1. Would you please name the residue that is surrounded by the most Cβ atoms within 10 Å (Cβ to Cβ), looking only at residues in the range 6-51 that are within 23 Å of the chain's Cα centre (by Cα), of a type in the set (Gly, Ala, Ser) and not in a loop (DSSP other than H, G, I, E, B)?
2. Please go through the range 31-83 and give me each residue that is of a type outside the set (A, V, I, L, M, F, W, C) and touching a residue at least 24 places away in the same chain (Cβ under 8 Å), ordered by number.
3. Suppose we filter the range 91-144 for residues that are polar (S, T, N, Q) and part of a loop (DSSP other than H, G, I, E, B); how many remain?
4. So residue 149 fits all but one of (1) assigned to a strand (DSSP E or B); (2) surrounded by 15 or more Cβ atoms within 10 Å (Cβ to Cβ); (3) modelled with pLDDT under 95; (4) not acidic (Asp, Glu); what number is the exception?
5. Which residue is farthest from residue 21 (Cα to Cα), if the candidates are limited to the range 71-86 and must be of a type outside the set (Gly, Ala, Ser) and surrounded by 15 or more Cβ atoms within 10 Å (Cβ to Cβ)?
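The values are calculated or read from the model by the stated rules, or taken from the named source; none is laboratory data. In this text, all values refer to a predicted model and were calculated from it rather than measured experimentally. Neighbour counts run over all protein chains shown; Cβ positions are idealised from the backbone, glycine included.
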Amino acid sequence: MPVDRQLLQGSFTKQNAPGWPCPVCNSGYLRLLEESVVAKATAESITTQDHPAWDPDWTILRFVAVAVCDNVNCKEAASIAGAGSVQVVNRSYDYDNFYTPEYFNPSPSLIAVPDRCSDELKAELKLAFATAWGDPLSASAHIRASVERLLDQLRIIKTPRNRMVRGSGLVFIKGSRLWVKKAQKQLSFYWQ
């Protein structure tokens, strides 16, 4: 299953929330309970309402909600939190609240993880899934660590690459401090 980027980037309304893959049963989808959505305007949004040019689309929201798995044998509940905004709907001057998730608990799986993966790899990927919603940089660090776990599982030997490309501007350093010192010596030799 490739990553569905719409799940990570898209905003939704109460009426058209996507179905997020259930992290427990992996066969159902987490469906938003419309009545569970609670949204409040930020303090800054409330103070800007006194501005003479104020428009509803200046409003910034914080929201919490609950989604439940639609698989009758699962029914897992997940909490969602994030930011929102008020936006014009269609070309009419009707407004609706749009929500962007920044937190899920438990977090939906963003890719299918094969059963034959090690428990360490699965745990690292779960951390990547959980942080992807609100902190993509942290998620990328967990993805890097999960690649390392995968290489460990495949028994790929941990050796640094001896060949360096001069002038590339990129240096990949792996391993201990000893290797860092060796890499620094190699760099000083190449750029004399």
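1. Here the residue is 39.
2. Within the range 31-83, the first condition is being of a type outside the set (A, V, I, L, M, F, W, C), and the residues that meet it are 31, 34-36, 40, 42, 44-45, 47-52, 55-57, 59, 62, 70-71, 73, 75-76, 79, 82.
Correct list: 31, 36, 56, 57, 59, 70, 71, 73, 76, 79, 82.
3. Pass one, the range 91-144, residues polar (S, T, N, Q): 92, 97, 100, 105, 107, 109, 118, 131, 138, 140.
From the residues that got through so far, the ones that are part of a loop (DSSP other than H, G, I, E, B) too are 92, 107, 109, 118.
Counting residues in the range 91-144 that are polar (S, T, N, Q) and part of a loop (DSSP other than H, G, I, E, B) gives 4.
4. Against the list (1) assigned to a strand (DSSP E or B); (2) surrounded by 15 or more Cβ atoms within 10 Å (Cβ to Cβ); (3) modelled with pLDDT under 95; (4) not acidic (Asp, Glu), residue 149 comes up short only on (1).
5. Ranking the candidates gives 86 first.
Yes/no per residue for (1) more than 30 Å from residue 148 (Cβ to Cβ); (2) modelled with pLDDT of 90 or more; (3) touching a strand residue (DSSP E or B) at 6+ places or on another chain (Cβ under 9 Å):
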residue	(1), (2), (3)
39	yes, yes, yes
83	yes, yes, yes
95	yes, no, yes
105	no, yes, yes
108	no, yes, yes
